[in-house]
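Note sheet for the following structure.
The values are calculated or read from the model by the stated rules, or taken from the named source; none is laboratory data. Given the structure is predicted, the values throughout are model-derived calculations rather than measurements. Cβ placement follows ideal geometry from the backbone for every residue including glycine, while neighbour counts extend to all protein chains displayed.
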Amino acid sequence: MNNTLRNFFGTLSDTDFDTLRLRFTQIDCNKGEHLLEFGSICDHIFYLKKGKLRNYTMHADGTYYTTDFIMRHGFCTNIHSFLHREVSEEAIIADDDTTLLSLSYSDYASLIAENIHIKAAIHEMSMHNVIQRMYEKNALLRLDAKGKYLYLLATRPQIIAHFQLQDIASFLNIKPQSLSRIRKETANVS
């Protein structure tokens, strides 16, 4: 596990990495448990060791849509809420029994105040995740329903294999019935 986490912070010296690693605490969550509720301030950065997470938000009419999926060895937070200490309009839920490493905001704040190398490494990791998410969202905006599904299948096939159809459909902003039809059509072509 440490080697996998270490890959995200490859620019850190072994001493700095150990300083950072020791601030993470392990937590276990049950399927359906929220790590972040709507209207709460995000107090943690999570590193997913086992299980899967889903970020989602709610429309004014009460329907939800998935904003991201996080699989093993991924990071998860609401970066805006976490950094700016503002309430979140997004929730994070465990979609499976999950084991995480958690870095609290107070530990984050003291780490970046104490160590410029850790500050730079966390910033680099955060920016990488934000840019990757933004690139994906922009790519999906330009595609029709079938193109969105094929893009997700090509870039993140583990999402198709491990999450529920209605969550994938809401992430792609298409109706579950349309996604089901597209999946059948695509499977028949293969």
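Things to note:
- In region 106-131, the residues that are at pLDDT 90 or above form Cβ pairs under 7 Å with partners that are of a type in the set (Asp, Glu), at six or more places apart or across chains, as follows: Asn115/Asp16; His117/Asp16; Ile118/Asp16.
- A search for C-beta distances below 6 Å between a residue of region 46-62 that is at positive phi and any residue that is β-branched (Val, Ile, Thr) and assigned to a strand (DSSP E or B), counting only pairs 6+ apart in sequence or on different chains, returns Gly51/Thr98.
- Residue in region 71-81 that is touching a Ser or Thr at 6+ places or on another chain (Cβ under 9 Å), assigned to a strand (DSSP E or B) and under 17 Å from Thr4 (Cα atoms) present: yes
- Where a residue in region 164-183 is touching a residue at least 60 places away in the same chain (Cβ under 8 Å) and its partner, wherever it lies, is among the small types (Gly, Ala, Ser), with Cβ under 9 Å and at least six apart: Asn173/Ala145
- Filtering region 57-73 to residues that are touching an Asp or Glu at 6+ places or on another chain (Cβ under 7 Å) and within 27 Å of Ser106 (Cβ to Cβ) leaves Thr57, Thr67.
- Filtered residues of region 41-63 (kept if loosely packed, with under 15 Cβ neighbours inside 10 Å and either in a loop (DSSP other than H, G, I, E, B) or among the aromatic types (Phe, Trp, Tyr) (or both)): His59, Ala60, Asp61, Gly62, Thr63
- Lone unmet requirement of (1) touching a Ser or Thr at 6+ places or on another chain (Cβ under 9 Å); (2) among the small types (Gly, Ala, Ser); (3) modelled with pLDDT under 95 for Ala169: (3)
- Residue within region 8-23 that is within 19 Å of Thr98 (Cα to Cα) and part of a loop (DSSP other than H, G, I, E, B) present: no
- Qualifying residue in region 54-73 (condition: of a type in the set (Gly, Ala, Ser) and within 11 Å of the chain's Cα centre (by Cα)): no
- Residue check for Asp107: among the charged types (D, E, K, R) and farther than 25 Å from Ile41 by Cβ: no
- Residue identified as in contact with a strand residue (DSSP E or B) (Cβ under 9 Å, 6 or more places away or on another chain) and either of a type in the set (Lys, Arg) or more than 18 Å from His44 (Cα to Cα) (or both) among Ile122, Ile168, Ile160: Ile168
- Looking only at region 114-170, and only at residues there that are of a type in the set (S, T, N, Q) and closer than 16 Å to Arg181 by Cα, the one that is surrounded by the fewest Cβ atoms within 10 Å (Cβ to Cβ): Gln164
- If the condition is being free of Cβ contacts under 8 Å to residues at least 24 places away in the same chain and touching a Leu at 6+ places or on another chain (Cβ under 9 Å), then region 19-45 contributes only Arg21.
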